[in-house]
Amino acid sequence: MNQSSGVTMPAVQLTALVARLFVAAGIPERSAHLVAEALVDADLEGVSSHGVMLVDMYLDRIRSGSVSAEEKAAVVSDRGAAVVLDARNALGQLTAEQAIGIAVGRARQYGAGIVAVRHGFHFGTARRYAIQAAKADCVGIVMCNTRPLMPAPGGAERVVGNNPIAIAVPSDGPIPIVLDMATSEAAMGKIRMAEKDGQAIPPSWAVRSDGIATTNPSEAIAGMLLPAGGPKGFGLAFLIDLLCGLLSSGASGSAVQPLYGDAGIPYDSSHLFIAIDVAHFGDGAAIRSAAAAAADRIRSGKRAPGVAQLFAPGEPEWRRQASAAGQVTLTPAIVDMLTRMAQELRVSATPLAQTDDEPMEGTGHAQA
């Protein structure tokens, strides 16, 4: 295995390694595996900014006490279709699974279920939980807030986060129909990934603190992200921040802490999960069929010169995961980070610790 040029390995083995790291840091085994699988799935989808590159930051926060070993959020209030949870600073993937499960269950009863979460931590890709709702024949809407990263149009200071939103609808066939977007031109995770790998970024992603466009990811991190679509992206980000913070009675705006700030201070993000049971509005089978037909119309549409294929929202990630065939390629920086974490926590770094003569077993992705 030539680690100097990165490494490709079975996702099942990478999941096992990441889970071992979380267990060694004090996370119960089942929860550790769930979080590890969510991170590895993001890498399989080609969304490496939300993949295992986050492991060292997660571990730093667990060891510093700002992320707890709790496995579930506490119920603050339960009023039928509306539920508020306190995540108690648990790993976000755990409380997101809980929240979307509650939302889907309430949607079955009332037509819609809305779960607001306060004192939350990073939960990875929002699409993961929106798709879970869609697989249960519900429209899934997932959003959360971050610390301020973007200026208002014409502004010269950070006032709102690049707050992400995902929307998924039930559809026939294996390809999900899902929008998952940050409200900035690019997610901060992509910029941090570029910084770790020593790569430049497009000048449209961010500006320096003096407002000048930059291709340097370090300057971008210290500066400001640019909203997608200018005032439209800014307005959407602002309303997501309000919905998440107000409905959960949690943090919003500058009360949300830097994800990569002091590891001893809780992130304190607010989340919102909405499920809408389509059976309360019409025939579920007909709705799924119509959604699939609409996506097919996009794929079969007239293409511009030089364009080989058209995609419905969410399809590129699905195709990347399918083509990955259960294999994840890690950059040298991520390989080094995972190896270092294994050494610090005194756990096996297999398969990263294997020699070139030791074959790796397994080809599939572990399922929960």
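Only residues that are part of a helix (DSSP H, G or I), under 24 Å from Ala168 (Cβ atoms) and β-branched (Val, Ile, Thr) were counted in segment 309-336, giving 0. For Gly253, the conditions (1) on the phi < 0 side of the Ramachandran plot; (2) modelled with pLDDT of 95 or more; (3) in contact with a Pro (Cβ under 8 Å, 6 or more places away or on another chain) are fulfilled apart from (1). Filtering Ala275, Ala291, Ala263 for residues that are in a strand (DSSP E or B), of a type in the set (Gly, Ala, Ser), open to solvent by less than 40 Å² (accessible area, probe 1.4 Å) and modelled with pLDDT of 95 or more leaves a single hit, Ala275. Cβ-Cβ distances below 6 Å connect the following pairs, each with a first residue in segment 247-260 that is closer than 21 Å to Gly124 by Cβ, a second residue that is surrounded by fewer than 18 Cβ atoms within 10 Å (Cβ to Cβ), and a separation of six or more residues or different chains: Gln257/Ile265. Residue-level check: of (1) in contact with a His (Cβ under 6 Å, 6 or more places away or on another chain); (2) assigned to a loop (DSSP other than H, G, I, E, B), Val117 misses just (2). Among the residues that make up segment 61-75, is at least one of them assigned to a strand (DSSP E or B), within 23 Å of Val139 (Cβ to Cβ) and of a type in the set (Val, Ile, Thr)? The answer is no; no qualifying residue exists. Within segment 303-328, the set of residues being touching a Gly at 6+ places or on another chain (Cβ under 6 Å) and either among the basic types (Lys, Arg) or loosely packed, with under 15 Cβ neighbours inside 10 Å (or both) comprises Leu310, Arg320. When residues in segment 73-114 are screened for being among the polar types (S, T, N, Q) and crowded, with 18+ Cβ neighbours inside 10 Å, 4 of them pass.
Residues checked against (1) closer than 15 Å to Ala126 by Cα; (2) in contact with a helix residue (DSSP H, G or I) (Cβ under 7 Å, 6 or more places away or on another chain); (3) modelled with pLDDT of 90 or more:
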position	(1), (2), (3)
Ser171	no, yes, yes
Pro202	no, no, yes
Ile221	no, yes, yes
Gly233	no, no, yes
Ile240	yes, no, yes
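If I go through segment 176-221 residue by residue, how many of them are in contact with an Asp or Glu (Cβ under 6 Å, 6 or more places away or on another chain) and open to solvent by less than 30 Å² (accessible area, probe 1.4 Å)? The number of residues fulfilling the criteria is 1. Within segment 125-143, the set of residues being part of a helix (DSSP H, G or I), hydrophobic (A, V, I, L, M, F, W, C) and more than 21 Å from Gly51 (Cα to Cα) comprises Ala133, Ala134.
Determine whether Ile131 is open to solvent by 20 Å² or more (accessible area, probe 1.4 Å), closer than 23 Å to Gly250 by Cα and in contact (Cβ under 8 Å) with a residue 40 or more places away in the chain.
no
Of all residues in segment 58-72, those that are under 20 Å from the mean Cα position of the chain (by Cα) and open to solvent by 10 Å² or more (accessible area, probe 1.4 Å) total 7.
Can you tell me how many residues in segment 145-180 are within 29 Å of Pro316 (Cβ to Cβ), assigned to a loop (DSSP other than H, G, I, E, B) and in contact with a strand residue (DSSP E or B) (Cβ under 8 Å, 6 or more places away or on another chain)? Reasoning before the result, please.
Looking only at segment 145-180, we keep the residues that are within 29 Å of Pro316 (Cβ to Cβ), and these are 145-147, 149-150, 160-180.
Narrowing further to those that are assigned to a loop (DSSP other than H, G, I, E, B): 145-147, 149, 161-164, 170-176.
Restricting the remaining residues to those that are in contact with a strand residue (DSSP E or B) (Cβ under 8 Å, 6 or more places away or on another chain) gives 145-146, 149, 161-164, 170-171, 176.
Count: 10.
Once segment 155-175 is narrowed to residues that are open to solvent by 60 Å² or more (accessible area, probe 1.4 Å) and of a type in the set (A, V, I, L, M), the residue that is nearest to the chain's Cα centre (by Cα) is Ile167.
The values are calculated or read from the model by the stated rules, or taken from the named source; none is laboratory data. Treat the numbers as computed from the prediction; the structure is a model and nothing was measured. FYI the Cβ positions are ideal-geometry reconstructions off the backbone, even for glycines, and counts take in every protein chain you see. The accessibility values were calculated without ligands, DNA or RNA, using every heavy atom of the protein model including side chains. Shrake-Rupley method; radii C 1.70, N 1.55, O 1.52, S 1.80 Å.
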